[in-house]
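For reference, the structure is listed below as structure tokens.
The values are calculated or read from the model by the stated rules, or taken from the named source; none is laboratory data. On a predicted model such as this, the values are computed, not experimentally measured, just so you know. A quick note on method: Cβ atoms are made from the backbone with ideal geometry, for glycine too, and the neighbour counts reach across all protein chains shown. When the accessible area is computed, the model is the full protein with side chains, heavy atoms only, and any ligands, DNA or RNA have been set aside. Shrake-Rupley method; radii C 1.70, N 1.55, O 1.52, S 1.80 Å.
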Amino acid sequence: MSPVARRLALPLLLLLLLLLLCPVPAARQARRPNVVLILTDDQDVCLGGMTPLKKTAALIAHMGVTFVNAYVPSALCCPSRASILTGKYPHNHHVVNNTLEGNCSSKSWQKIQEPYTFPALLKTACGYQTFFAGKYLNEYGAEDAGGVGHVPPGWSFWYALEKNSKYYNYTLSVNGKARRHGENYSVDYLTDVLANMSLDFLEYKSNFEPFFMMISTPAPHSPWTAAPQYAKSFPNVSAPRNSNFNIHGKNKHWLIRQAKTPMTNSSIQFLDDAYRKRWQTLLSVDDLIEKLVKKLEFHGELDNTYIFYTSDNGFHTGKFSLPIDKRQLYEFDIKVPLLVRGPGIKPNQTNKMLVANIDLGPTILDIAGYDLNKTQMDGMSLLPLLRGDKNVTWRSDFLVEYQGEGYNGSDPTCPGLGPGVTHCFPDCVCEDSYNNTYACVRTLSASWDLQYCEFDDREVFVEVYNLTADPHQINNIAKTIDQEILEKMNYRLMMLQSCSGATCRTPGVFDPGYRFDPRLMFSNHGIRARRFSAQSL
């Protein structure tokens with residue numbers, strides 16, 4: 001037996017205990033399903049972000065199901081990734097932005113949340129061998145939080161990137177030991193390094209336990225460094241000119257209204273270049289998917305393996321004259337790709353149910369046979385949808401929440417805007433601020449395709465969009481929509497902002513089982529959104 005096999009093999013007694021904790025039907029006990037989760041970084045779906053991935057479409061989408069209404073509860077890397085790992089909304093895992101102060105890979109996160117992530121449960125309760133490679137959380141590896149020597153519980157093999165996405169000149173934590181990489185394409189290009197590590201795991205893993213793999217690529221995050229063979233791809237591609245491109249964000253929050261319209265030619269050239277480079281980096285992800293699927297097939301594992309493909313958030317290029325970023329409340333930032341193939345999933349399926357990345361943890365635990373009633377997760381298992389079960393009761397809304405980031409002093413790029421802004425561009429357009437703090441109810445029911453949002457600022461600003469009539473969210477109808485709907489959405493938002501576990505899955509405003517008592521509105525905090533607080537961590 002190889003050293004890797006000896007390390008992963010469990011004593012018989014422990015294996016029996018694990019089966020008691022994580023029972024599976026008799027027909028599945030012999031070969032419990034494996035799971036692979038591929039997570040990209042900042043990959044949109046609304047602006048054509050899946051277009052370059054021809055192999056991924058053929059090998060995952062065409063062989064399984066595409067969820068066309070998949071969202072994230074926070075359009076920023078660290079809070080969104082924390083939601084994937086915990087199955088919780090940000091107000092329950094308390095990761096509010098990409099900083100240590102915002103609980104991103106902080107000591108508090110490590111102590112309170114990490115022991116109960118779904119990979120930890122897979123390993124300790126279900127006997128899965130677990131493999132992680134790539135970007136974990138943006139502040140992972142920070143010296144104030146244990147450095148790269150910290151290996152989160154639940155991982156048999158750990159190859160995690162220190163800090164944020166890079167393609168060259170980075171450090172990996174290899175099971176807690178730092179490994180420095182340079183700028184030689186053949187041995188250092190991160191997407192390819194992750195592919196090779198993943199193939200090695202599949203080659204040398206134990207054959208006695210099921211496995212879970214999470215592969216988290218840097219692409220298509222900045223600095224958008226393509227592999228040499230793809231650096232000249234898509235020469236004629238530019239950012240989509242949809243109806244919300246390069247227009248003034250009238251009737252929107254002040255941060256959107258402050259964007260300069262029309263954008264300068266240099267800004268448009270910059271975002272077009274960024275859009276093209278993002279596509280170039282994704283070609284290496286496409287190669288990774290192809291190699292992974294071929295390896296699984298070679299080892300006879302493909303038919304018993306669920307493969308999930310998704311992103312931590314969307315992205316925008318020029319929408320409402322904002323150059324490039326994420327973190328806004330609109331579809332282009334909160335909507336993500338979600339493709340799944342696996343045992344029992346019919347090919348070429350499209351699912352229109354409203355799903356969120358808080359559902360990934362419950363789904364994967366459900367696949368492993370874990371009793372979801374033992375968790376405190378806010379999400380729902382997608383397994384009934386994957387199997388094509390009939391008459392599934394499903395959600396019609398979910399919560400989006402974000403706490404804005406800003407500097408105490410004025411940004412040197414934009415001193416005229418005063419303190420509190422951040423992520424500013426040379427022409428003094430800022431993508432974030434302290435009071436870009438909002439919460440939304442995103443509703444998708446038989447009768448309504450609606451988004452209702454409240455800002456925690458002095459304006460107590462409200463944005464409402466009817467996406468059936470206005471799919472690009474140009475017209476804020478907060479002042480014209482029926483007042484009764486406005487009140488119901490306000491109350492529903494307050495309920496979701498305080499929900500936990502099963503209470504996050506109660507009927508939405510337009511569901512038959514919904515009950516609304518207007519008197520309850522006056523016992524809470526009115527229309528003002530409940531602000532996240534680092535002090536509450």
Task: Unit charges at the beta carbon, dipole of the chain: most positive-side option, Asn98, Val187, Pro262 - done: Val187
Open item on the list: How long are the semi-axes of the equivalent ellipsoid of the stretch 297-388, taking √(5λ) for every eigenvalue λ of the Cα gyration tensor, in whole Å from largest down?
Closed with: 29, 18, 12
Task: Low-density loop cleavage sites - GluC sites (Glu not before Pro) in the stretch 117-225, where at most 14 other Cβ are within 10 Å (DSSP) - done: Glu183
Task: Whole-Å semi-axes of the stretch 232-277's equivalent ellipsoid (Cα gyration tensor) - done: 25, 11, 8
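Leaving out ligands, DNA and RNA, what percent of the accessible area of the stretch 400-511 is carbon and sulfur, probe 1.4 Å?
Details: 2460 of 4520 Å².
C and S atoms contribute 54 percent here.
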TODO: Could you provide, to the nearest whole Å², the per residue accessible area of the stretch 400-511 with probe 1.4 Å?
DONE: 40 Å²
Task: Residue-level accessible surface for Glu484, protein heavy atoms, 1.4 Å, Å² - done: 100 Å²
- [ ] Assuming R0 = 51 Å, can you tell me the calculated FRET efficiency for the pair Asn207 and Ser238, based on Cβ-Cβ distance, to the nearest 0.05?
- [x] 0.55
Task: Relative contact order computed over the stretch 400-511 (Cα-Cα under 8 Å; 6+ residues apart), in percent - done: 17 percent
Task: MRE, 222 nm, helices only [DSSP H, n ≥ 4, -39500 (n - 2.57), over the chain, to nearest 500] - done: -7500 deg cm²/dmol
Task: Full-extension gain in nm, His299 to Thr264, via 0.36 nm per residue minus C-alpha separation - done: 7.2 nm
TODO: Residues in the stretch 204-225, backbone N under 15 Å from the label point at Thr413 (7 Å along the Cα-to-beta-carbon vector): list them, ranges by number please.
DONE: 222-223
Open item on the list: Let me check against my output: what whole-number percent is the relative contact order of the chain, with C-alpha pairs under 8 Å and at least 6 apart?
Closed with: 20 percent
Open item on the list: Heavy atoms of the protein only, probe of 1.4 Å, neighbouring chains included. What is the accessible area of Trp224 in Å², nearest 10?
Closed with: 40 Å²
Open item on the list: Kirkwood hydrodynamic radius, computed over distinct alpha-carbon pairs, for the stretch 209-250: how many Å, to one decimal?
Closed with: 14.7 Å
Open item on the list: Tell me the relative contact order for the stretch 116-204 as a rounded percent, counting alpha carbon contacts under 8 Å between residues six or more apart.
Closed with: 24 percent
Task: Rounded to the nearest 20 debye, dipole of the stretch 131-193 from Cβ charges on Lys, Arg, Asp, Glu - done: 120 debye
- [ ] With only Lys, Arg, Asp and Glu charged, each at its Cβ (+1 for the first two, -1 for the last two), find how big the charge dipole of the chain is about the Cα centre; round to the nearest 20 debye.
- [x] 900 debye
Open item on the list: Could you give the length gained by full extension between Asn69 and Ser447, i.e. 0.36 nm per residue of separation minus their alpha carbon distance, to one decimal place?
Closed with: 134.5 nm
Open item on the list: If packing is taken as the average number of other Cβ atoms within 10 Å across a peptide's residues, how do 230-239, 397-406, 366-375 rank, most packed first?
Closed with: 397-406, 366-375, 230-239
Task: DSSP beta bridges in the chain [antiparallel fraction, %, rounded to 5] - done: 60 percent
Task: Accessible area in the full protein assembly, largest first, 1.4 Å probe, for Glu301, Glu459 - done: Glu459, Glu301
- [ ] Pop out the carbon and sulfur fraction of the accessible area of the stretch 34-395 as a percent, whole number, probe 1.4 Å.
- [x] 50 percent
Task: Dipole-positive endmost among Tyr438, Ser410, Leu76 within the chain (Cβ charges, Cα centre) - done: Leu76
TODO: Give the ranking of Arg492, Arg257, Arg387 by solvent-accessible surface, highest area first, calculated with a 1.4 Å probe.
DONE: Arg387, Arg257, Arg492
TODO: Compute the distance in nm between two label points, each set 7 Å from the Cα along the Cα-to-Cβ direction, one at Gln229 and one at Thr480.
DONE: 5.3 nm
TODO: Taking the Cα centre of the stretch 400-511 as origin, sum charge times position over the Cβ atoms of Lys and Arg (+1) and Asp and Glu (-1), and report the length of that vector in debye to the nearest 20.
DONE: 320 debye
Task: Accessible area expressed per residue, the stretch 233-332, with surrounding protein chains retained (probe 1.4 Å, Å²) - done: 34 Å²
Task: Cα-based convex hull, the chain, per residue volume (Å³, whole number) - done: 153 Å³
Task: Where labels lie 7 Å past Cα in the beta-carbon direction, separation of Ser186 and Asp389 in nm - done: 5.2 nm
- [ ] With a point put 7 Å past each Cα toward its Cβ, work out how far Lys352 is from Asp200 in nm, to one decimal.
- [x] 4.7 nm
